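Visitor: Handing you a structure now.
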């Protein structure tokens with residue numbers, strides 16, 4: 001059983017009856033689900049995931065006023081719930097896995113991920129929130145939310161970055177992907193600066209995956225799951241999933257080319273696919289085959305003058 005399915009069954013079997021019994025006046029005011037840190041919240045949990053911070057649990061979300069009124073009492077009842085369910089558990093919490101479930105005030109729950117107890121209200125606020133944090137704040141599943149407060153906050157985040165911020169990030173990714181993959185990688189390898197070459201390969205992979213998510217208007221998860229998550233993305237997702245896997249697993253082989261030359265060719269192929277997509281979407285009309293040249297073109301499409309004036313390299 002996957003963690004999200006287990007959490008939902010556990011809530012309706014033991015959590016909902018507990019609320020109905022001890023907090024009947026708040027039954028339709030408490031939202032429940034499982035969102036946040038943990039592989040199960042992304043649906044990527046497996047047998048390896050079960051050795052820590054995995055098992056029957058859920059989150060309960062309250063408005064500020066309701067949290068002040070019943071938060072402590074509700075947490076106490078939550079703590080008294082059975083620690084095993086459906087043959088799973090008890091949940092083994094790691095030193096850094098505490099506080100992932102239980103009772104939360106809605107604003108404070110989101111603040112731990114995005115830094116604000118309210119949905120971002122300006123381009124500046126949107127720009128400083130890391131993609132992975134937004135992915136974490138919007139993953140998982142909401143089981144019930146009759147009041148709608150938690151879901152309204154969540155909906156605002158899932159609508160994705162404002163377009164000017166998305167364009168700013170795309171422009172910056174064009175620069176860094178090109179620098180790492182089309183320019184620096186082979187130059188470092190030819191100088192036998194192999195540590196620098198591998199760093200540029202990693203930078204290329206990370207920023208290319210980020211760009212694919214931005215093109216799909218989806219938030220990139222944290223590095224552990226970003227490659228796996230991209231394979232279901234409509235725009236370039238499946239193609240780049242395979243190409244990146246090929247990139248990082250290339251061995252010397254018998255082609256007459258070094259591993260670095262073969263990797264360089266793959267990086268170039270992926271950059272050309274990105275350029276084709278930028279042109280297809282009308283984000284760039286540059287004739288250049290160097291992805292770096294497309295960054296400033298994308299940047300010029302930003303409407304807000306302050307965001308547009310930020311250096312194209314800077315995210």
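All of the numbers you see were taken from the coordinates with simple rules; none came from a lab. Please read all numbers here as calculations on a predicted model, not as lab measurements. So basically every Cβ, Gly included, is an ideal-geometry build from the backbone, and we count neighbours across all protein chains shown.
Visitor: Using only alpha-carbon positions, what ratio does the radius of gyration of the chain give when scaled by 2.2 N^0.38 Å?
Guide: Dividing the Cα Rg of the chain by 2.2 N^0.38 Å gives 1.17.
Visitor: With all pairs of different alpha carbon atoms counted, what Kirkwood hydrodynamic radius in Å does region 163-308 show?
Guide: 15.6 Å
Visitor: Considering only DSSP beta bridges where both residues belong to the chain, give the percentage that are antiparallel (nearest 5).
Guide: 65 percent
Visitor: Using only Cα atoms, locate the centre of region 1-43 and the centre of region 135-174, then give the distance between them in Å, rounded to an integer.
Guide: So the two Cα centres are separated by 21 Å.
Visitor: Mean residue ellipticity at 222 nm from the helices of the chain, using -39,500 (n - 2.57) per DSSP H segment of n ≥ 4 over the full residue count, to the nearest 500 deg cm²/dmol?
Guide: That comes out to -15000 deg cm²/dmol.
Visitor: Would you kindly calculate the translational diffusion coefficient of region 98-187, applying Stokes-Einstein with the Kirkwood radius from alpha carbon pairs, for 10 °C and a viscosity of 1.306 mPa s, and quote it in µm² s⁻¹ without decimals?
Guide: 105 µm²/s
Visitor: Let me ask something else about it. For a footprinting-style exposure proxy, rank 205, 35, 142, 195 by other Cβ within 10 Å, fewest first.
Guide: Lowest count first: 195, 142, 205, 35.
Visitor: Still on this structure, please answer the following. Residue 96 to residue 250: extension gain in nm, 0.36 nm per residue of separation minus the Cα-Cα distance?
Guide: Using 0.36 nm per residue and subtracting the Cα-Cα distance, I get 51.9 nm.
Visitor: Which of 308, 173, 28 has the fewest other C-beta atoms within 10 Å, and how do the rest follow up to the most?
Guide: Sorted ascending by nearby Cβ count, the order is 28, 308, 173.
Visitor: Angle check, please: helix 259-280 long axis (alpha carbons) against the longest principal axis of the chain (alpha carbons), in degrees 0 to 90, nearest 10.
Guide: Once rounded, the angle reads 70 degrees.
Visitor: For a quick check: sort 136, 63 by the number of other beta carbons within 10 angstrom, fewest at the front.
Guide: The order, fewest Cβ neighbours first, is 63, 136.
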